[in-house]
Amino acid sequence: MIRTQPSPLHVLIVEDADDDALLLVDYLRLEGYTLDWQQVDSEADLIAALKQPRDIIFSNYSMPGLNGVRVLEIVRRHDPEVPFIFVSGTIGEDLAVRSLKSGAQDFVLKGQMHRLAPTVDRELRDVRARRERRQAEQMLRKLSLVVKQAADSVFITDPSGCIEYVNPAFEKLTGYSAKEVKGATPAVLRSGLYDNEYYERLWKTIRRGEVFTGTLINRRKNGEMFYEEKVITPLKDEQGRITHYVSTGRDITARVHAEEARSRLAAVLEATPDMVAILEPRGYLRYLNRAGRRLLGLKPDENIEGRGLNDMFPEPVVRHLVADILSAEQPDDVWTGETVLMTANGSNVPVSLVLLAHPGANGEIGYFSTIARDISERKHFEASIQYKATHDGLTDLPNRYLLIDRFQSALERARRRASCVAVLFLDLNNFKRVNDTLGHAAGDSLLQQVARRLRSCLRPNDTVARHGGDEFTILVEDLASAENVTAVLRKLGSAFERPVIIGTQEVYVTFSTGIALYPHDGDRVDDLLRHADTAMYQAKSSGSGQYRFYAPDMNARGHEFLALEADLRRALERNEFLLHYQPQVDLHSGQLAGVEGLIRWRHPLRGLVSPVDFVSLLENSGLITSIGEWVLRQACIQHRDLREAGFQDHRIAINVSAAQFNDEDLLDKVRRALQDERMPAQSLELEITENVVMQDPVNAAEVLQALRVLGVRTAVDDFGTGYSSLAYLKRFPLNVLKIDKTFVGDIGRDHGDAAIVEASISLAHKLGLEIVAEGVETREQLEFLRHRDCDLAQGYYLSRPLAGTDLLASLRKVSARSRSYLSRSAGH
């Protein structure tokens, strides 16, 4: 493999064994990496090496005088983000978990180097994505503020006040170029008219995270004074820390000069885009410019006499202004801020307002002047940015950030009211199948329609959010008791009884739902979300459309699964797996037709582990392909022993997982196994579930046809539990149909299951397929199947799965017993 790299990968290897370090380097180069690497084996060398930037760090865990935990501690203190992977000969489960919790990205055993390249690819990709996302977010915040006020002077400083960026309007206004002021502080603009106390108050305001708004007199580079309407806004990161200050300023020098020169006042005020008004001390209008008339919805020649603050602002705003300005002891006070202006037609316009009180001849307030700027567009833009930051772009639902905010508020209300809050974590079942079959546009449409239905069945004060991908979260508050959640579940069930229509296709939607409750399952947002997620995965493992309430033992079960997975990775090399074989009996002749190979795991401490507890772990951990090949080999070896014992015409069936079926080397592996053990191809039967073949019908048809050409038989396992589509039975080259045991188990009590079994037998025969019934546990079930002309049966009534060591002797007994029973039944 050749990997495209813009530059060599800068690698640091902490390893005391030179040979191991060289082997690691050779392996990475064979995987296509171009490396610039360095090896160290002491703490001093490690600290020195970390002065150079590193793309990734590999470390042995146990070395003389230096252990992996210390290496990880030093690296994380230097760089919290650099990918760190332990590559060690042996590392126990506890140490592995401890290393991951301490900040290592992964660990790879030296005997499992095939895992290294995918791990490196993943971690390099993840760290690059994190850094790019952080840089993009920082740039977006900067650009957002610049865009909002691009017509005015803008500069950005770091938290200490050093200038990092100025826009062209700043350069034009001040006469300073960006190069001249970069790294300097805004003190370069000071006019000398304000004392230090003024600037200290300004700094205290913005360091508290508050916005400073005011008018400053500053000095240009050429020494000229200018008036600037200034807004300084602190910019915060996600933790609420101030990272930058954004200063916007509008040059109002001309306006101030115009006010001082009455002859130019009218032209300046009438030309300004902002509303300018002069009011009497009692608050009535004396002057209103054209922009003010336009903003208030007044005609150009309309009489303004008698109009005052009560006509321009809502009553609460007027009270606030009166309290702050009209009753002020000092006649030269100023009020600045954002408020709303009432127009003649009764609508409200958001404005940025400055209201000044001017002293009269006797020292009292002589008149007021006010400037109001229409900030509707800015408010709309801010609202749009805020909405996009808190809502999912596809479904228009609240996203995770808004969900957490509402969740926190809901918990606070619940504490005050002593009520319950429920969080439901929903995972959309089989969404990938819709995407793969109907396309991504159909998948998007499905998500949008699901979102609308979820919203429609909840109360206005409840929240439904898209958690990501095909996962949704519902927040239900103000519950009198935990039992009220069942009503929500019933509503959800009713809402999705009808199919979702996508084009001409009907799609039935089910969810796997996990539920956590406050205060029963926790009192923190993170804990409750995590518990609901845990319960959801428990529901998912129980089958489609299930729900589960969180229980504390789920976490213990999760830790048990982690331990099992770690043991699974060593089980094959320790020869802990074995196959048991369940006989399949011909119901017409009573003869033994074959056996199905079923994997078992003999754990050194736990004993014989049920497949229910480890097969899903094999699939999730990626071990299923290698274990599946082992099962194939063992089955072929066992068949050789059967042939040598006289069981010439008997077949062995084994299960094939989705990962195996989609393995491009499947045919070669089957062919080699048959050749190595000289097994007749027609004696091998591969069982595939309905869902596996329907994941990619085109590819499935090609693989099944290739297996048929090879001579290998194929069977559809668990028929009736998945798609149950007649179209695929007709389309695919199959040999056998297996009726799932869930239908066989109730054929004596459930007329519906009996009808399904009869229909399956009839359908299989009409399509030329052999039919096998699984899970036969009673004589009545066997009689039912035999009288309906079922071909083969297997189950505990005929025989339990048999260990390979005593298979031959047991098969002879099973065969004799089956023939005897069937002959007696035929006599009746």
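FRET efficiency for residue 179 and residue 127, Cβ-Cβ distance as r, R0 = 35 Å, nearest 0.05?
0.55
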> Average projected area of the Cα convex hull of the stretch 660-809, in nm²?
Replying inline: 9.8 nm²
> If exposed GluC sites (Glu not before Pro) are those in a DSSP loop with at most 13 other Cβ within 10 Å, what is the longest stretch of the chain that has none?
Replying inline: 665-828
> What is the chain's relative contact order, in percent, from Cα pairs under 8 angstrom and six or more apart in sequence?
Replying inline: 5 percent
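For residue 576 and residue 362, compute 0.36 nm times the residue count separating them, minus their Cα-Cα distance, and round to one decimal in nm. List each step's numbers first, then the result.
Values: separation 214, 0.36 × 214 = 77.04 nm, distance 10.19 nm.
Length difference between fully extended and current span is 66.8 nm.
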>> Please report Rg (one decimal) and Dmax (integer) in Å for the Cα set of the stretch 20-83.
In response: 12.1, 33
> Which residue, chosen from 348, 652, 591, occupies the Cα position most advanced towards the positive end of the dipole of the chain, where the dipole is computed from +1 (Lys, Arg) and -1 (Asp, Glu) charges on Cβ about the Cα centre?
Replying inline: 348
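Of all DSSP beta bridges in the chain, what percent run antiparallel (nearest 5)? Mind dumping the intermediate values first?
Details: 95 of 137 bridges.
Percent antiparallel among DSSP bridges in the chain is about 70.
Grab the Cα-Cα distance for residue 490 and residue 303, subtract it from 0.36 nm times how many residues apart they are, and report the gain in nm with one decimal. Each step should come with its number before you reach the end.
Working: separation 187, 0.36 × 187 = 67.32 nm, distance 6.36 nm.
Length gained between residue 490 and residue 303: 61.0 nm.
Over the Cα atoms of the stretch 435-587, Rg to Rh with Kirkwood Rh, two decimal places? All intermediate terms of the calculation are to be shown ahead of the outcome.
Values: Rg = 20.1 Å, Rh = 18.5 Å.
Rounded to two decimals, Rg/Rh equals 1.08.
Please work out the FRET efficiency for the pair residue 98 and residue 453, using the Cβ-Cβ distance as r and a Förster radius of 51 Å; give the result to the nearest 0.05.
The value I calculate is 0.70.
Give a quick list of trypsin sites (Lys or Arg not before Pro) in the stretch 244-323 that DSSP marks as loop, anything other than H, G, I, E or B, with at most 14 other Cβ atoms within 10 Å. Please list the in-between numbers first.
Numbers: sites: 250, 255, 262, 264, 282, 286, 290, 293, 294, 307, 319; in loops: 282, 307.
In loop regions of the stretch 244-323 (DSSP not H, G, I, E or B), the sparsely surrounded trypsin sites (Lys or Arg not before Pro) are 282.
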> Given H placed on each backbone N at 1.01 Å, which residues far from residue 35 in sequence or on other chains put an amide H within less than 5 Å of it?
Replying inline: 9
> If you find the alpha carbon centre of the stretch 568-589 and of the stretch 371-398, how far apart are they in angstrom?
Replying inline: 62 Å
> Near residue 182, which aspartates and glutamates are there with a Cα under 18 Å away, not counting those fewer than 8 places off in the same chain?
Replying inline: 158, 164, 171
>> Going through the cross-link list 741/766; 432/669; 51/172; 236/299; 51/230, which pairs have a Cα-Cα distance over 32 Å in this structure?
In response: 51/172; 236/299; 51/230
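First compute the accessible area of the chain with a 1.4 Å probe, then give the percent of it belonging to carbon and sulfur atoms.
Its accessible area is 50 percent carbon and sulfur atoms.
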>> If you average the alpha carbon positions of the stretch 641-690 and of the stretch 428-494, how far apart do those two centres end up, in angstrom?
In response: 43 Å
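If R₀ is 35 angstrom, what is the calculated FRET efficiency for the pair residue 253 and residue 408, using the beta carbon separation as r and rounding to 0.05? Walk me through the numbers on the way to the answer.
Details: r = 47 Å, r/R0 = 1.35.
About 0.15, to the nearest 0.05.
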> When every alpha-carbon pair in the stretch 353-479 is counted, what percent end up more than 22 Å apart?
Replying inline: 56 percent
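With +1 on the Cβ of every Lys and Arg and -1 on the Cβ of every Asp and Glu, and nothing else charged, how large is the dipole of the chain about its Cα centre, in debye rounded to the nearest 20? Walk me through the numbers before you get to the answer.
On the way: 103 positive and 117 negative charges, 190 e Å.
About 920 debye.
Suppose every Lys and Arg Cβ carries +1 and every Asp and Glu Cβ carries -1, with no other charges. What dipole size does the stretch 565-695 come out with about its Cα centre, to the nearest 20 debye? Don't jump to the answer; show the numbers that get you there.
Details: 14 positive and 21 negative charges, 84 e Å.
That gives the stretch 565-695 a dipole magnitude of about 400 debye.
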> For the chain, what mean projected area does the convex hull of the alpha carbons give, in nm²?
Replying inline: 49.1 nm²
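The values are calculated or read from the model by the stated rules, or taken from the named source; none is laboratory data. Treat the numbers as computed from the prediction; the structure is a model and nothing was measured. Reconstructed Cβ throughout: ideal geometry from the backbone, glycine too, with neighbour counts over all protein chains shown. Heavy atoms of the whole protein, side chains included, go into the accessibility calculation; ligands, DNA and RNA do not. Shrake-Rupley method; radii C 1.70, N 1.55, O 1.52, S 1.80 Å.
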